């Protein structure tokens with residue numbers, strides 16, 4: 001994780017290649033991203049890298065980017081899932097993220113689960129919360145079903 005954050009260029013290149021592969025090899029007409037924790041942060045980064053080429057983005061308790069000048073580039077619907085008791089992602093950051101996106105006129109749906117900690121959707125972790133995880137997954141699949149329909 002630290003290596004990727006210190007040198008993000010190879011990961012960014014991988015994202016560009018993955019999008020190109022899906023479009024060229026599978027004739028994908030829509031693309032979405034999803035990630036949990038470190039991957040949640042990279043789902044957001046994917047949105048910032050692919051901007052108008054990404055059709056939907058889901059973030060599960062990933063570190064957030066809060067700068068309005070960066071988030072303004074996002075051009076896709078966004079859904080996010082966070083635990084109110086997450087010790088690594090402050091609720092204030094989640095609320096600020098939602099507020100900045102809303103102020104920018106972005107299509108955003110942030111879900112904050114009370115009494116739930118980090119990695120609540122990981123069934124092998126100590127913070128697993130079946131009720132929150134199931135609710136988040138139902139919302140995620142409905143979100144992607146709605147926004148990634150073939151045209």
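Could we say that residue 47 is more than 19 Å from residue 98 (Cα to Cα) and either surrounded by 14 or more Cβ atoms within 10 Å (Cβ to Cβ) or in contact with a helix residue (DSSP H, G or I) (Cβ under 8 Å, 6 or more places away or on another chain) (or both) here?
So residue 47 fails the test.
Considering only residues that are assigned to a helix (DSSP H, G or I) and more than 14 Å from residue 32 (Cβ to Cβ), look in segment 53-69 and name the one that is nearest to the chain's Cα centre (by Cα).
The first filter runs over segment 53-69 and keeps only residues assigned to a helix (DSSP H, G or I), leaving 53, 68-69.
Next cut, more than 14 Å from residue 32 (Cβ to Cβ) only: 68-69.
Working: 68: 17, 69: 18 Å.
Restricting to residues being assigned to a helix (DSSP H, G or I) and more than 14 Å from residue 32 (Cβ to Cβ), the top hit is 68.
Against the conditions (1) in contact with a helix residue (DSSP H, G or I) (Cβ under 7 Å, 6 or more places away or on another chain); (2) more than 22 Å from residue 148 (Cα to Cα); (3) modelled with pLDDT under 95, where does residue 7 fall short? Just the number, please.
Only one criterion in (1) in contact with a helix residue (DSSP H, G or I) (Cβ under 7 Å, 6 or more places away or on another chain); (2) more than 22 Å from residue 148 (Cα to Cα); (3) modelled with pLDDT under 95 is unmet by residue 7, namely (1).
Out of all the residues in segment 101-109, is one or more surrounded by fewer than 16 Cβ atoms within 10 Å (Cβ to Cβ) and part of a strand (DSSP E or B)?
Quick first cut of segment 101-109, residues surrounded by fewer than 16 Cβ atoms within 10 Å (Cβ to Cβ) only: 102-105, 107, 109.
Checking the rest, the ones that are also part of a strand (DSSP E or B) come to 109.
The answer is yes; a qualifying residue exists.
Name the residues in segment 22-39 that are free of Cβ contacts under 8 Å to residues at least 24 places away in the same chain and not in a loop (DSSP other than H, G, I, E, B), would you?
Filtering segment 22-39 for residues free of Cβ contacts under 8 Å to residues at least 24 places away in the same chain gives 22-28, 39.
Once the filter is applied, which keeps residues that are free of Cβ contacts under 8 Å to residues at least 24 places away in the same chain and not in a loop (DSSP other than H, G, I, E, B), segment 22-39 yields 22, 23, 24, 25, 26, 39.
Give segment 110-128 a look and list any residue that's buried (at least 20 other Cβ atoms within 10 Å of the Cβ) and either assigned to a strand (DSSP E or B) or without any contact (Cβ under 8 Å) to a residue 24 or more places away in the chain (or both), or say none.
Residue satisfying the conditions is 113 alone.
Determine the pairs where a residue that is surrounded by 12 or more Cβ atoms within 10 Å (Cβ to Cβ), located within segment 8-21, has a partner that is not in a helix (DSSP H, G or I) with Cβ atoms under 8 Å apart, the partner being 6 or more residues away or on another chain.
As it stands, the answer is 19/31; 19/54, since those pairs meet every condition given.
The values are calculated or read from the model by the stated rules, or taken from the named source; none is laboratory data. As the structure is a prediction and not an experimental result, all values here were calculated from the model. Note that we place each Cβ from the backbone using ideal geometry, even for glycine, and neighbour counts take in every protein chain shown.
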